[in-house]
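Since the structure comes first, as structure tokens, the remarks are kept for the end.
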Amino acid sequence: MQASHLNQAGKELYGRTAIIAGNGTLPLTIATVLQNQGKLPFLIILRNESDPKLYAFEHCEISIAEFSMLIRSLKAARISNVVLAGGIRTRPYWRDLCIDSSMFRVLPRIFFSLTKGDDALLRAFIKLVEAYGFRIVGAHEVAPTLLAPKKTILTKKYPNRQEKHNIALAFEAARQLGMLDIGQGAVAVGGRVVALEGAEGTDNMLERIKQMRQVGSIASVGGVLVKVMKPNQEKRADLPTIGPKTVENAYQAKLCGIAVEADYTFILDLEKTIKVADQYGMFIKTL
């Protein structure tokens, strides 16, 4: 699989690369890609967020609120490039920040960004890290082959006419949601949008679908999950992501399939993701 607008081999990185690792499997995937390229990644493991498998790499562990410790760790490891990978379950608040004298000059920017949406916060964080001389590189630039290919059906199952209508509805809803810097996903069932992704993330949104079915708020089966990039999103962080777990949760929510934006959505463990979807008789479509 290859995204048309990127070199399949990924961007050439000069100097050592660190991965600030949130939750999910993307950080491990990116670390493995770098290792297979003969590079030695350094992992910034976010406490209570990251996959335990990451501890096998050279690493340090910090709290999400320890910005000064982050900068010191990057300098000590002689890092040139920084990749942001994985989600964050717990958003930091100003009262949680570990502040020292080195942060005084950036405090106004930090406090302002904490009052905004996730994309605004990530943009502010990237600017802060770059101000210390580090280069932020998108995970998609390191591993472009993880990106969903252009407009195709990846599975044996194809969406029918009704599900195509649901896809169109959920796509538009997700776009509007992204314009507000809230989330990247939406679910449409029976010709109406029934759930929008908020701070709880995709998996918890799908859990809400299950609950709605149980109480009869929506039809007992059918519908589609759509994930798209936020309009004008900072592409070096937080691109939409699906994988085998997403398919499993969508199946448990009794959806018929998943549609994602081509070129701007990660599909992790592609072969397994498609295999699980085929086993459940679900479709995966790229838009």
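Do you know which residues across segment 209-250 are over 25 Å from K157 (Cα atoms) and open to solvent by 50 Å² or more (accessible area, probe 1.4 Å)? Passing the criteria: Q211, Q214, V215, G216, S217, N232, K235, R236, D238. The residues in segment 256-268 that are surrounded by fewer than 20 Cβ atoms within 10 Å (Cβ to Cβ) and either in contact with a Gly (Cβ under 6 Å, 6 or more places away or on another chain) or closer than 13 Å to G223 by Cα (or both) can be counted, and the count is 1.
Just so you know, in segment 137-154 the residues that are outside any helix (DSSP H, G or I) and open to solvent by 10 Å² or more (accessible area, probe 1.4 Å) include one that is modelled with the lowest pLDDT, and it is K151.
Scanning segment 38-58 for residues being free of Cβ contacts under 8 Å to residues at least 24 places away in the same chain and not hydrophobic (A, V, I, L, M, F, W, C) gives a total of 5.
Inside segment 26-35, can you point out the residues that are more than 19 Å from I62 (Cα to Cα), open to solvent by 10 Å² or more (accessible area, probe 1.4 Å) and in contact (Cβ under 8 Å) with a residue 40 or more places away in the chain? Residues satisfying the conditions are T29, V33. A253 passes every criterion in (1) of a type outside the set (D, E); (2) open to solvent by less than 40 Å² (accessible area, probe 1.4 Å); (3) touching a Ser or Thr at 6+ places or on another chain (Cβ under 8 Å); (4) within 19 Å of V189 (Cα to Cα) apart from (3). Number of residues in segment 236-280 that are farther than 30 Å from Q214 by Cα, acidic (D, E) and not in a loop (DSSP other than H, G, I, E, B) equals 1.
A quick yes/no check of all residues on (1) over 24 Å from L84 (Cβ atoms); (2) among the charged types (D, E, K, R); (3) within 16 Å of the chain's Cα centre (by Cα):
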{"residue": "P159", "(1), (2), (3)": "yes, no, no"}
{"residue": "Q176", "(1), (2), (3)": "yes, no, no"}
{"residue": "I182", "(1), (2), (3)": "no, no, yes"}
{"residue": "V194", "(1), (2), (3)": "yes, no, no"}
{"residue": "R213", "(1), (2), (3)": "yes, yes, no"}
{"residue": "K227", "(1), (2), (3)": "no, yes, yes"}
{"residue": "P231", "(1), (2), (3)": "no, no, yes"}
{"residue": "A237", "(1), (2), (3)": "no, no, yes"}
{"residue": "Y251", "(1), (2), (3)": "yes, no, no"}
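Screening the candidates A188, A195, A199 for the property of being open to solvent by 60 Å² or more (accessible area, probe 1.4 Å) and either modelled with pLDDT under 95 or among the hydrophobic types (A, V, I, L, M, F, W, C) (or both) yields one hit, A199. Here segment 74-86 is the region considered, the condition is being under 14 Å from A21 (Cα atoms) and of a type in the set (G, A, S), and the residue that is surrounded by the fewest Cβ atoms within 10 Å (Cβ to Cβ) is G86. The residues of segment 269-287 that are open to solvent by 10 Å² or more (accessible area, probe 1.4 Å), aliphatic (A, V, I, L, M) and either under 24 Å from I88 (Cβ atoms) or in contact (Cβ under 8 Å) with a residue 60 or more places away in the chain (or both), listed by number, are L270, I274, L287. Remark: pairs (first residue in segment 151-174, over 19 Å from I218 (Cβ atoms) and touching a residue at least 60 places away in the same chain (Cβ under 8 Å); second residue open to solvent by less than 80 Å² (accessible area, probe 1.4 Å) and of a type in the set (K, R); Cβ separation under 6 Å; 6+ apart in sequence or on different chains) = I153/K285.
Can you name the residue in segment 121-136 that is assigned to a loop (DSSP other than H, G, I, E, B) and aromatic (F, W, Y) and is also surrounded by the fewest Cβ atoms within 10 Å (Cβ to Cβ) among such residues? The qualifying residue surrounded by the fewest Cβ atoms within 10 Å (Cβ to Cβ) is Y132.
The values are calculated or read from the model by the stated rules, or taken from the named source; none is laboratory data. This is a predicted model, so every value here is computed, not measured. Note that we place each Cβ from the backbone using ideal geometry, even for glycine, and neighbour counts take in every protein chain shown. Heads up: the accessible areas ignore ligands, DNA and RNA and are worked out on the full protein's heavy atoms, side chains in. Shrake-Rupley method; radii C 1.70, N 1.55, O 1.52, S 1.80 Å.
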